[in-house]
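Undergrad: Handing you a structure now.
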Amino acid sequence: MNRTYAPIFAMVDELARCGLRHAVTSPGSRNAPLTLALAADPRIVAVSVIDERAAGFAALGMAKATGTPVAVTCTSGSAVANLLPAVVEAHEARVPLILLTADRPPELRDTGAGQAIDQLKIYGSFAKWFVEVGNHEPSRATAVHLRALASRAFHTAQGGRPGVVHLNFPLREPLAPVPDDDFDASLWDGRPDGGPWVQVYEASAEAAAVLADGMAARIPQGARGAIVVGSVHEDVAAPVARLAAACGWPILADATSGVRFGPHDRSHVIAHYDVLLRSEEWAAAHRPGLVMRIGDTPTSKPLRAWLASAPQLLVDPHAVWHEPTRAAETIVQAAPATLCDALAQRLEAAGVRPVQDWLAGWREADDLVPPALEATPDPFEPKALAAAIDAADEDATVWVASSMPIRDVETFVPSSGKRLRVLANRGANGIDGTVASPAGAAVALRERVTLLTGEIALLHDIGGVLAAARMGAALTIVCINNGGGGIFDFLPVAGAAHPSLYEEHIVTPSGVDLSRVAALVGMRHTLAGTADEVREAARLPGLVEVRTERAENVRLHRELFARVAEQL
């Protein structure tokens, strides 16, 4: 213990007292005190990730899976900048992270010293709170200040709208844990009862009775309505199902909502709304009088276009204004689960009678999609992804990559009684951290996680593949390899750009043999061509590669949409 290590050990102890249970470290000298303090605490599971970008996403995956803050530390300089993509995603997706970045002390800044950049507020508005921890003389007053600071950091990351707290540590020598014989370690003790320095209690986000009454009064007037549920930060399945039954509305449930899968009442769940709403005639005939939206806006472009023409009630406990359609008339700051229960209770008591043919029409249309999907010949990307989800164990976690996988899962995967948790990095919608995020979740949950991805996103996070192996994360990676960024073939640029330039600079095929990627980290590699082969291979850890042709994939998608539209 010495003047460098004592304050850091006190702050880490305080974070652990508040509830910190996971941390991710990256190698470095300047951050050695932070790394060693986190790794030495028996209450904290600390894992080492070499690449800071992957480290940030591993921490994000842990935090998203557990719902609690996770610490990540790195050395000074460009290492700090490499955390930015994870910081952006955490901010947009409301994920609690605590960044403990090492820095040069003030006297070494702006002097040409190595690994010294301007780290003050480097993450700008993406950080919920920034603190320059400072260099204080050892004293009891300093210990109290730093313990209170650590408590505030933890609760700020987790409370209100969850987000990123950045603590910057300008560390002086000694950076090694060399003892100081004259050092009084008792100055740095925490509260003797083992509790945190500051206890924080948040006000409940439960809806007030007058709010529930006012919303209930609106619902019968828009009898032909709908409930749209995107990614949400709490379990809303049963309350949403109860509300849907009370008003007779369909639930347009995104795969990440927690409502599409599970043993709750799913009789009102519509899984294939994206396919149905692609038919302009059907969408026009099913315009709702009112839409109640819960959570983030789903990815589906046809759904967003349909929502833009409907009056909306948006329910969000953080009142974040996640409202790209600009059609919402009301934003309600309340916990969705309690509000849905309160609304359902009032509608049930009032004896509201749902319009029967409204829900029936949605359900009959929804039932058209699974047979159309099954009739599409292999290899077909949506069938492979659906098979991988079908192979997942009860209570398993499935992580879906951005680009085409998240769209295909939203569009084609049916509702199921199996308990599944579907997660995705849809805050910023990027492909950063595609592998590192589910790897972090697997470590935190101590279970195997299934990742559904394309090969460009997989290779973009090759550092995450290495991180997963070093962390010992149990992963099943189902990778669609179609020779580039297949999503671009669905966009106007595919037909407008010069073919050779489009192929080289937009689609960017890598030519990398994925079996060699698997061999690089000692991962089992399986080549699967049919949905049944995917279903079988995805039951075990490893890399399952599904090779498809981009042009054929586009054709099969469009033919399926046309078949369903004709039946509608």
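Bear in mind that the values in this text are calculations on the coordinates, not laboratory data. Since the model is a prediction, treat every value here as computed from it, not as a measurement. Because the Cβ atoms are built from the backbone with ideal geometry, glycine has one as well, and the counts that use them run over all protein chains shown.
Undergrad: Between exposed chymotrypsin sites (Phe, Trp or Tyr not before Pro) in the chain, where DSSP calls loop and at most 15 other Cβ atoms lie within 10 Å, what's the longest gap?
TA: Values: sites that count: Phe183, Tyr201, Trp321.
The answer is 322-568.
Undergrad: Something else: How many lysine pairs are close in the chain, with Cα atoms under 22 Å apart and the two 8 or more places apart or on different chains? Don't skip to the answer; put the middle values down first.
TA: Details: Lys64/Lys128; Lys64/Lys418; Lys301/Lys383; Lys383/Lys418.
Close lysine pairs under the 22 Å cut-off: 4.
Undergrad: Provide Leu252, Leu527, Leu560 in ascending order of the number of other Cβ atoms located within 10 Å of each residue's Cβ, fewest first. Could the numbers behind the result be given before it?
TA: Details: Leu252 32, Leu527 14, Leu560 20.
By the 10 Å Cβ count, ascending: Leu527, Leu560, Leu252.
Undergrad: While we're here: Among Asp254, Asp110, Asp182, which comes first, second and so on when ranked by fewest other beta-carbon atoms within 10 Å? Mind dumping the intermediate values first?
TA: Values: Asp254 29, Asp110 11, Asp182 6.
Exposure proxy ranking, most exposed first: Asp182, Asp110, Asp254.
Undergrad: Let me understand the stretch 90-200 better: what is its radius of gyration from the alpha carbons, and its Dmax, in angstrom?
TA: When restricted to Cα atoms, the stretch 90-200 yields Rg and Dmax of 16.0, 47 Å.
Undergrad: Hey, another quick one. If one takes the longest principal axis of the Cα atoms in the chain, at what angle in degrees, from 0 to 90 and to the nearest 10, does the Cα axis of helix 462-471 lie?
TA: 70
Undergrad: In Å, the Kirkwood hydrodynamic radius of the stretch 1-43 over pairs of distinct alpha carbons? Before the final figure, lay out each step's value.
TA: Details: mean 1/r = 0.0942 Å⁻¹.
One decimal place: 10.6 Å for the Kirkwood radius.
Undergrad: Subtracting the Cα-Cα distance from 0.36 nm times the residue separation, let me have the gained length for Arg524 to Glu566 in nm, one decimal.
TA: So the extension gain works out to 10.8 nm.
Undergrad: What is the distance in Å between the Cα centroid of the stretch 100-126 and that of the stretch 4-53?
TA: Value for the Cα centre distance between the two parts: 19 Å.
Undergrad: Among Arg172, Arg550, which comes first, second and so on when ranked by fewest other beta-carbon atoms within 10 Å?
TA: Arg172, Arg550
Undergrad: Still on this model: Which of the peptides 173-181, 403-411 is most tightly packed, and how do the rest follow, going by the mean number of other Cβ atoms within 10 Å of each residue?
TA: Working: 173-181: 12.3, 403-411: 24.7.
For the peptides 173-181, 403-411, the packing ranking is 403-411, 173-181.
Undergrad: So how far, in whole Å, is the C-alpha centre of the stretch 445-490 from the one of the stretch 302-317?
TA: 32
Undergrad: So if each residue of separation counts as 0.36 nm, and I subtract the Cα-Cα distance between Asp513 and Glu552, what length gain in nm does that give? Spell out each step's value before the answer.
TA: Numbers: separation 39, 0.36 × 39 = 14.04 nm, distance 2.12 nm.
Length difference between fully extended and current span is 11.9 nm.
Undergrad: Any idea what angle helix 52-66 forms with the longest principal axis of the chain, computed on alpha-carbon atoms, 0 to 90 degrees, nearest 10?
TA: 60
Undergrad: While we're looking at this one, here's another question. Report Rg/Rh for the stretch 272-350, rounded to two decimals, where Rg is the Cα radius of gyration and Rh the Kirkwood radius.
TA: Working: Rg = 13.7 Å, Rh = 13.6 Å.
Computed over Cα atoms, the ratio is 1.01.
Undergrad: Between the stretch 492-526 and the stretch 221-294, what is the separation of their alpha carbon centroids in Å?
TA: First find each Cα centre; the distance between them is then 36 Å.
Undergrad: How big is the stretch 209-366 by Rg and Dmax over its Cα atoms, in Å?
TA: Final numbers for Rg and Dmax: 14.0, 40 Å.
Undergrad: If you don't mind, there's one more thing I want to ask. I need the semi-axes of the equivalent ellipsoid of the stretch 328-398: take the C-alpha gyration tensor, multiply each eigenvalue by 5, square-root it, list largest first in whole angstrom.
TA: Numbers: eigenvalues 253, 83, 32 Å².
Equivalent ellipsoid of the stretch 328-398: 36, 20, 13 Å, largest first.
Undergrad: Here's a follow-up. Tell me, in nm to one decimal, what length is gained between Ala360 and Ala305 on full extension, where the rule is 0.36 nm per residue of separation less the Cα-Cα distance? Spell out each step's value before the answer.
TA: Values: separation 55, 0.36 × 55 = 19.80 nm, distance 2.27 nm.
Using 0.36 nm per residue and subtracting the Cα-Cα distance, I get 17.5 nm.
Undergrad: For the stretch 5-188, what number results from the quotient of the Cα radius of gyration and 2.2 N^0.38 Å? If you can, show how the numbers build up before the last one.
TA: Working: Rg = 15.2 Å, N = 184, 2.2 N^0.38 = 16.0 Å.
This ratio for the stretch 5-188 stands at 0.95.
Undergrad: Round to the nearest 10 and give me the degree value, 0 to 90, for the angle of helix 140-158's Cα axis relative to the longest principal axis of the chain.
TA: Rounded to the nearest ten degrees, it is 10.
Undergrad: Additional query: If you take the alpha carbon radius of gyration of the stretch 450-568 and divide it by 2.2 N^0.38 Å, what ratio comes out, to two decimals?
TA: On the way: Rg = 16.3 Å, N = 119, 2.2 N^0.38 = 13.5 Å.
Its radius of gyration relative to the 2.2 N^0.38 Å reference: 1.20.
Undergrad: Just grab the label-to-label distance for Asp265 and Ala81, each label 7 Å out from Cα along the Cβ direction, in nm (one decimal).
TA: 5.6
Undergrad: Select one label from [x] 1.53; [y] 1.20; [z] 1.01: the one whose number is Rg/Rh (Cα atoms, Kirkwood Rh) as derived from the coordinates shown.
TA: [z]
Undergrad: Please list log₁₀ I(q)/I(0) at q = 0.19 Å⁻¹ for the stretch 371-567, using the Debye equation with identical point scatterers on the alpha-carbon positions.
TA: Computed log10 I(q)/I(0) values: -1.41.
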